[in-house]
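Q: One structure coming up, written as structure tokens, with questions to follow.
The values are calculated or read from the model by the stated rules, or taken from the named source; none is laboratory data. The structure presented is a predicted model; accordingly, all values stated were derived computationally and were not measured. Cβ placement follows ideal geometry from the backbone for every residue including glycine, while neighbour counts extend to all protein chains displayed.
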Amino acid sequence: MFEALKAQPQDKILQLIQMFKDDPRTDKVDLGVGVYKDATGLTPVMRAVKAAEKKIWDTQDSKTYTALTGEPGYNSAMRQLILDGVVAGDRLSSIATPGGTGAVRLGIDLAKMANPGATVWVSKPTWGNHISIIKFVGLPVAEYRYFHAASGEVDFAAVLEDLAQVKAGDVVLLHGCCHNPTGANLTPDQWKQVIALLQAKSAFPMVDLAYQGFGDGLDQDAEATRLIATSFPEVLIAASCSKNFGVYRDRAGILISISKDAEQAKITQGNLSYLNRQTYSFPPDHGIRAVMTVLEDAELEADWKTELEETRNGMLALRAQLADALRKETNSDRFDFVGRHRGMFSLLGLTEAQVTRLREEFGIYMVSDSRINIAGLNARTVPVLARSVAAVL
Ligand code: LMR
């Protein structure tokens, strides 16, 4: 039977993790996968998460099943963190999922169940796994141009031009903040224009919110999502706790749906729970419980926010340093956009050949489209990167 299987294309981000591991050079620099690293190169367990895990260890006396939706307290705390009450609670349905990827996958599954004729629109470029998942689920993918490589900014005229082709009921996947891979984000005014266009087209918005708190702040990064939530009768939101709680391997995410009214929300909830049941039954609990414990404890929540802010400020400082170093090394303002971008990533706009040279000659690893993980840098490696980029231009 297995002879019928074809080799699968390798995910370029995951492939890079292995190549980096296999490289014996001691001065190599990993700017590949989107994982936060502190100045010493460690991806720390956040203080509040560690304290929550201790609390769980001390008090948990059973590991029996909880709910098909995942712990209800997690669902309500996450709805609050993301939506802050802007939509009436009785219009919301949600399930805990294994990471943001689990939420994206089940969100696309739900979209297909509701409208098998939908096309899913993604930004060009987008996170590679978006396209892979949509194709795997079996919906057609269409791309809207998003990025102007020469300026490093959003190509907003192209966004509007391409989204004008969307048909009623098509799903439009939007990055709520911290666009992956470009780092270039819509301004509040541009968000309003996109929303007005999608309303006019009767499109169905699905938001991927994987980096809340990594851009400008927890509330600022949720602003676009909240605006979308209040502008459409129906919305899907796939969110991740991997980055903002640092619980990558524990797989904590959530899929939230907004329905037109309370009656529909109950049916949607039943469908979400059904999707969990068909896919893996109960979602994993550990990371979800740690997140819930942090959000339900005022002291832990305050400490988490403090550490998240330190993390964000660290990335912003690295952005400023890198933009500065690149300006000096290249004697131009070509890369100033790095300082304006937000989140973990910036797309440098280098060719694949230049990216290969950076890896082979300088031991600097980035995704082949020239996406760098800002959080993979530190004060020592910023000048190394800037010098090396200038050398391959
Ligand atoms: C990334 O884009 O690097 C992250 O979302 C990690 C992943 O799974 O690809």
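Residue-by-condition table, conditions (1) part of a loop (DSSP other than H, G, I, E, B); (2) in contact (Cβ under 8 Å) with a residue 12 or more places away in the chain; (3) within 16 Å of the ligand (Cβ to nearest atom):
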position: LEU186; (1), (2), (3): yes, yes, no
position: GLN190; (1), (2), (3): no, yes, no
position: GLN193; (1), (2), (3): no, yes, no
position: ALA196; (1), (2), (3): no, no, no
position: SER257; (1), (2), (3): no, yes, no
position: GLU263; (1), (2), (3): no, no, no
position: ASN271; (1), (2), (3): no, yes, no
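Q: Same structure again: Across region 325-342, what is the total count of residues that are more than 17 Å from VAL154 (Cα to Cα), in contact (Cβ under 8 Å) with a residue 40 or more places away in the chain and not hydroxyl-bearing (Ser, Thr, Tyr)?
A: Here the count works out to 4.
Q: Ok, one more. Please specify each residue of region 331-353 satisfying the condition of being more than 16 Å from the ligand (Cβ to nearest atom) and either part of a loop (DSSP other than H, G, I, E, B) or surrounded by fewer than 16 Cβ atoms within 10 Å (Cβ to Cβ) (or both). I'd like the intermediate steps shown before the answer.
A: Quick first cut of region 331-353, residues more than 16 Å from the ligand (Cβ to nearest atom) only: 331-340, 349-353.
Within region 331-353, ASN331, SER332, ASP333, ARG334, PHE335, ASP336, ARG340, GLY349, LEU350, THR351, GLU352, ALA353 meet the criteria.
Q: As an exercise: evaluate LYS55 against (1) closer than 25 Å to ARG312 by Cβ; (2) assigned to a helix (DSSP H, G or I); (3) touching a helix residue (DSSP H, G or I) at 6+ places or on another chain (Cβ under 9 Å) and give the number of the one condition it does not meet.
A: (1)
Q: Can you find, within region 19-44, the residue that is surrounded by the fewest Cβ atoms within 10 Å (Cβ to Cβ) among those that are within 16 Å of the ligand (Cβ to nearest atom) and of a type in the set (Gly, Ala, Ser)? Reasoning before the result, please.
A: In the first step, residues of region 19-44 are kept if they are within 16 Å of the ligand (Cβ to nearest atom); the result is 19-21, 29-37, 43.
Filter once more, keeping what is of a type in the set (Gly, Ala, Ser): 32, 34.
On the way: GLY32: 23, GLY34: 25.
For region 19-44, the residue satisfying everything is GLY32.
Q: Please verify whether region 55-72 includes one or more residues that are more than 23 Å from GLY102 (Cβ to Cβ) and acidic (Asp, Glu).
A: yes
Q: The conditions are (1) under 20 Å from THR40 (Cβ atoms); (2) in a helix (DSSP H, G or I), and ALA379 fails exactly one of them. Which is it?
A: With respect to (1) under 20 Å from THR40 (Cβ atoms); (2) in a helix (DSSP H, G or I), ALA379 is out only on (2).
Q: For region 95-112, does any single residue satisfy the condition of being of a type in the set (S, T, N, Q), buried (at least 23 other Cβ atoms within 10 Å of the Cβ), within 25 Å of ARG79 (Cβ to Cβ) and more than 16 Å from the ligand (Cβ to nearest atom)? Quick ask: steps written out before the conclusion?
A: Step one: list which residues in region 95-112 are of a type in the set (S, T, N, Q), which gives 97, 101.
Then keep just the ones that are buried (at least 23 other Cβ atoms within 10 Å of the Cβ); that gives 97.
With the extra rule that they be within 25 Å of ARG79 (Cβ to Cβ), the set shrinks to 97.
Those left that are additionally more than 16 Å from the ligand (Cβ to nearest atom): none.
No, region 95-112 contains no residue that is of a type in the set (S, T, N, Q), buried (at least 23 other Cβ atoms within 10 Å of the Cβ), within 25 Å of ARG79 (Cβ to Cβ) and more than 16 Å from the ligand (Cβ to nearest atom).
Q: I'd like to check something: does region 315-330 contain any residue that is within 16 Å of the ligand (Cβ to nearest atom) and surrounded by 17 or more Cβ atoms within 10 Å (Cβ to Cβ)?
A: Taking every residue of region 315-330 in turn, at least one turns out to be within 16 Å of the ligand (Cβ to nearest atom) and surrounded by 17 or more Cβ atoms within 10 Å (Cβ to Cβ).
Q: Please work out which one of (1) more than 16 Å from the ligand (Cβ to nearest atom); (2) assigned to a loop (DSSP other than H, G, I, E, B); (3) of a type in the set (Val, Ile, Thr) is the condition VAL49 fails and give its number.
A: (2)
Q: Another one. Can you spot a residue in region 385-393 that is farther than 30 Å from THR187 by Cβ, buried (at least 17 other Cβ atoms within 10 Å of the Cβ) and in contact (Cβ under 8 Å) with a residue 12 or more places away in the chain?
A: Yes, that holds for at least one residue.
Q: Same structure, new question: Could you please find all residues in region 198-210 being surrounded by fewer than 18 Cβ atoms within 10 Å (Cβ to Cβ) and outside any helix (DSSP H, G or I)? Before you say what the answer is, go through the steps one by one.
A: Applying the first criterion (surrounded by fewer than 18 Cβ atoms within 10 Å (Cβ to Cβ)) to region 198-210 yields 199-202.
LYS201, SER202, listed by residue number.
Q: Restricting the search to region 363-381, which residues are over 19 Å from the mean Cα position of the chain (by Cα) and either outside the structural domain of THR40 (by TED's automatic domain parsing) or without any contact (Cβ under 8 Å) to a residue 60 or more places away in the chain (or both)?
A: Across region 363-381, the qualifying residue is only ARG380.
Q: Restricting to region 211-237, name every residue that is of a type in the set (D, E, K, R) and buried (at least 24 other Cβ atoms within 10 Å of the Cβ).
A: Result: ASP221, single match.
Q: Tell me whether region 241-249 contains one or more residues that are part of a helix (DSSP H, G or I) and not polar (S, T, N, Q).
A: Pass one, region 241-249, residues part of a helix (DSSP H, G or I): 248-249.
With the extra rule that they be not polar (S, T, N, Q), the set shrinks to 248-249.
The answer is yes; a qualifying residue exists.
Q: Here is a list: ASP221, ASP216. Which entry is in contact with a Gly (Cβ under 7 Å, 6 or more places away or on another chain) and of a type in the set (Asp, Glu)?
A: Numbers: ASP216 fails: in contact with a Gly (Cβ under 7 Å, 6 or more places away or on another chain).
Of the residues listed, the single one that is in contact with a Gly (Cβ under 7 Å, 6 or more places away or on another chain) and of a type in the set (Asp, Glu) is ASP221.
Q: Looking only at residues that are of a type in the set (Lys, Arg) and at pLDDT 95 or above in region 354-393, which one is farthest from the ligand (Cβ to nearest atom)? Walk me through how you get there before you give the answer.
A: So the first thing to find is which residues in region 354-393 are of a type in the set (Lys, Arg), and the list is 357, 359, 371, 380, 387.
Narrowing the set further to residues that are at pLDDT 95 or above leaves 357, 359, 371, 387.
On the way: ARG357: 22, ARG359: 16, ARG371: 8, ARG387: 25 Å.
Among those that are of a type in the set (Lys, Arg) and at pLDDT 95 or above, it is ARG387.
Q: Quick one: how many residues across region 286-322 are more than 15 Å from ALA52 (Cβ to Cβ) and either aromatic (Phe, Trp, Tyr) or touching a residue at least 40 places away in the same chain (Cβ under 8 Å) (or both)?
A: So the count comes out to 9.
Q: Could you please give the count of residues in region 125-145 that are more than 16 Å from the ligand (Cβ to nearest atom) and either buried (at least 20 other Cβ atoms within 10 Å of the Cβ) or outside any loop (DSSP other than H, G, I, E, B) (or both)?
A: So in region 125-145, the residues more than 16 Å from the ligand (Cβ to nearest atom) come out as 135, 137-145.
Add one more test, that the residue is either buried (at least 20 other Cβ atoms within 10 Å of the Cβ) or outside any loop (DSSP other than H, G, I, E, B) (or both), and what stays is 135, 137, 139, 141-145.
Residues flagged as more than 16 Å from the ligand (Cβ to nearest atom) and either buried (at least 20 other Cβ atoms within 10 Å of the Cβ) or outside any loop (DSSP other than H, G, I, E, B) (or both) within region 125-145 amount to 8.
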